């Protein structure tokens, strides 16, 4: 029984990491209405920049700031080159544009910093902590706490600041937001930068776990089931979705794996998301689109 | 004009529909005779489009019955309604913007097709002959609606008024018994309205199609309809000939305003 | 002056219905086919046949498969490679396990298997619309990839999971030589494109486009949504399955699940975006681009002073360039190279006049 809980909690904590990546998606989807497939590439790029700077002797916080600045530059470039020209197009067109964008950023990241794996040490020991008879990873707990503080920060940003109000207005109706004088382009740059920041944090945590390497950009593929279940427009939904996916993935691997075969964690979240969609096409927290004929 | 049960093409009996507590229509009953032009009027939000959607099977009413052609419908889907011989146009043009005018009109004929996709893919004899006969019918409709110059134009590139005409042509192509028109003259100037009125009258007189239309321009309504039904806040407040409705005090206070 | 319609009047609808109403187009196509079938096998060298033309043809076919589903029927899919894999593995298993089955039949049955799998993963499209549909095809991509590796039966229990192609024999003629494989591929591709052309211009093609443009309206005018969508998935799957079988047996000579991964699905999506959604010619143009561009780039790089850009960097540059090109096409010419070609033809019709 304890083993079950251990697996469950391990899965939940892994889910927190998924949620972290998913939050980046939610931010951009809320403000620009686009599913940003390039988020994974952004995670990779920010983490690679950070790690490469560290390796060249740059102190931790300076490297962090420089990486953040790089994400700001990317946000500006994306807004100028991709979002503005495609402003009225269908969501599928925008999605395909972010697909192209992910290729550009990935290629650029690797052209700049190389393709080797970098180890990343954040100074947190990986020794398991014993809690109530279960062994939990210190690192996972740290990640969970980081995610929680990030969510608190974002909630404050969205709900208590004027900027947050502008972001929510743009998310709801860009045209109306324009009409009341909100600078759409500025909002988009801000949102993409914040998403870049979230991506950086996620990248550091993931990178410390798996090493900073190309496969980091594939976390985006895990984010989609999370968003399906949690809805594309809700941060709390992303958290809950992440927890559900993380936990079910781990449990499936441990309990179903021996029966069906190993490696099912690749498609299991998608199968789950698919079942979910058939029952609730808008996710747990998402908005139902009402079609007027 | 006596309206015996046998000549009523469409009968609505106590139809009610609500969306999550908001009542769209309540207790609507009226009859449309075969071969007449019936206009559905009322202020915005009165439930006219909802009613049209119910008749065409897009929405399912919570209460009430519909009889079409003397046969009662249970929960009928849009597809089944189309099969029965009902065609419609939409308030916000629902054309297939990526296809040409001819192709759009041809889609209106889809229920008349008999050849299978395999026959069409392999270009077997029957498919080819059917293509030609369908094309002939489509061309007749296009000629009727005077759309020949724009036959191959992409619908998405046409001006609004033409698009409305194409939508009407597509509905006609299905050779319907009952034609539902949702604000066919919305956004048109006086000339265009004249032209559209002419088309509707021709469709009714020459082809014998029964027409039920939603329209805001009272002048047009009084001119072309045989029968007028008035809605307000989801309820029927008037039902009769245009003259009778015009004199109805409830309709006047709700909708028509003072005479000038 | 040369490329115009003057004097060509169609007097019957049947003439108007032809795939190529313009006489010049018909002659041009006939000439092209003659060159492709007769001249190329004789003069083409092995490299061009094996490394350029065959993958070009197969990818065009795969592009058409995805185009039927996404370009015409409007159902977005990222699982193309999975259906190709199903076709490849099904054909292989039929060839190996069923004695005396003609190769063309195996390929057709492989396509059929892919059609069924595709239709299965297409079922959710009856309830889910637009962007969310990606989940279903992505699930297909990952599930098929997993299943083909996990169950050794599919690869005839070979130790490495890689299978090699059986001999290509048709009507007793051995086609293992590059020219033979080229002709096999060319024949299949031409036949399936002919079928495809008929399909997209048929009632079913119109129904697909109606569903793509506005499915609620399509339902209201009587188009059966379920049947239309499922047929799109099934036929798309068939084309992709055949393409997969050809990719494995006429091009690579071996097959492993890894070669049909998500990157391959992306590649096919790029082909139809660059080539043009909802176009037949676009598949050829997009595939030509995808096949030729890396060759061009590495040739260009080799012209530069040695060591300036190493091989790894070329790959990164290629990636960046592809991505940038996708964005450029989406902004400037969303209908792809096919539209550019169409505009060129329209100018040609008026030449030497300007308008």
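Each value in this text was obtained by applying a stated rule to the coordinates, not by laboratory testing. Model, not experiment: these values are computed from the prediction. Every residue, glycine among them, receives a Cβ derived from its backbone with ideal geometry; neighbour counts consider all protein chains shown.
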Inset, instruction - Return one number: the angle in degrees, 0 to 90 and rounded to the nearest 10, between the long axis of the Cα atoms of helix B:190-207 and the longest principal axis of the Cα atoms of chain B. - result: 80 degrees
Legend entry - Global geometry of chain A, whether rounded, prolate or oblate, following the gyration tensor of its Cα atoms and the 1.5 cut on a/c: oblate
Inset, instruction - Give the relative contact order (percent, whole number) for chain C; include only Cα pairs under 8 Å separated by 6+ residues. - result: 30 percent
Legend entry - Sorted by Cβ neighbour density within 10 Å, fewest at the top, the residues C:47, C:13, C:239: C:47, C:13, C:239
Legend entry - Percent RCO, i.e. relative contact order, over the stretch B:104-182, from Cα pairs under 8 Å lying at least 6 residues apart: 47 percent
Legend entry - Computed E for residue C:129/residue A:260 - FRET, C-beta separation, R0 35 angstrom, nearest 0.05: 0.70
Inset, instruction - Take every DSSP beta bridge with both residues inside the protein assembly as shown and express the antiparallel ones as a percent of the total, to the nearest 5. - result: 65 percent
Legend entry - FRET E, pair residue B:154, residue A:182, Förster distance 25 Å, beta-carbon r, rounded to 0.05: 0.10
Legend entry - In degrees, nearest ten, helix B:160-173 long axis to first principal axis of chain B (Cα): 80 degrees
Inset, instruction - Quick one: check the C-alpha center-to-center distance for the stretch C:59-114 versus the stretch C:124-153, whole angstrom. - result: 15 Å
Legend entry - the stretch A:14-41 residues near the modelled residue A:148 label - backbone nitrogen below 18 Å, point 7 Å along Cα→Cβ: A:14-21
Legend entry - Angle in degrees between helix B:125-144 and the longest Cα principal axis of chain B, rounded to the nearest 10: 40 degrees
Inset, instruction - Run the quick spin-label model on residue C:120 and residue C:101: label points 7 Å from Cα toward the beta carbon, then report their separation in nm to one decimal. - result: 1.6 nm
Legend entry - Calculated FRET value between residue C:216 and residue A:165, using beta carbons and R₀ = 25 Å, to 0.05: 0.10
Inset, instruction - Note down the nm distance, to one decimal, between modelled labels 7 Å out along Cα→Cβ at residue B:71 and at residue C:8. - result: 4.8 nm
Legend entry - Gaussian network model of chain C, springs between alpha carbon atoms under 10 Å - residue of C:315, C:95, C:335 with greatest fluctuation: C:315
Inset, instruction - Provide the gained length on full extension for the span residue B:112 to residue B:223, in nm with one decimal, where the gain is 0.36 nm per separating residue minus the Cα-Cα distance. - result: 36.6 nm
Inset, instruction - Note down the relative contact order for chain B as a percent, whole number, built from C-alpha pairs under 8 angstrom at least six residues apart. - result: 27 percent
Inset, instruction - Assign one of three labels to chain C, namely rounded, prolate or oblate, based on the Cα gyration tensor with a ≥ b ≥ c the square roots of its eigenvalues; rounded applies when a/c is under 1.5, prolate when it is not and a/b is larger than b/c, and oblate otherwise. - result: rounded
Inset, instruction - Give me the distance in nm between label points sitting 7 Å out from Cα along the Cα-to-Cβ direction at residue C:295 and residue B:63, one decimal. - result: 7.4 nm
Inset, instruction - Take peptides B:19-27, C:296-304 and line them up by average Cβ neighbours within 10 Å, highest first, as a rough protection proxy. - result: B:19-27, C:296-304
Inset, instruction - Considering only B:62, B:194, B:120, give the residue with the highest GNM mean-square fluctuation for chain B, with springs between Cα atoms whenever their separation is below 10 Å. - result: B:120
Inset, instruction - Decide, for the stretch A:141-293, between rounded, prolate and oblate: order the square roots of the alpha carbon gyration tensor eigenvalues as a ≥ b ≥ c, take rounded if a/c falls under 1.5, and otherwise choose prolate if a/b is larger than b/c, else oblate. - result: oblate
Inset, instruction - Springs between alpha-carbon atoms under 10 Å, Gaussian network over chain C: tell me which of C:337, C:183, C:29 tops the mean-square fluctuations. - result: C:29
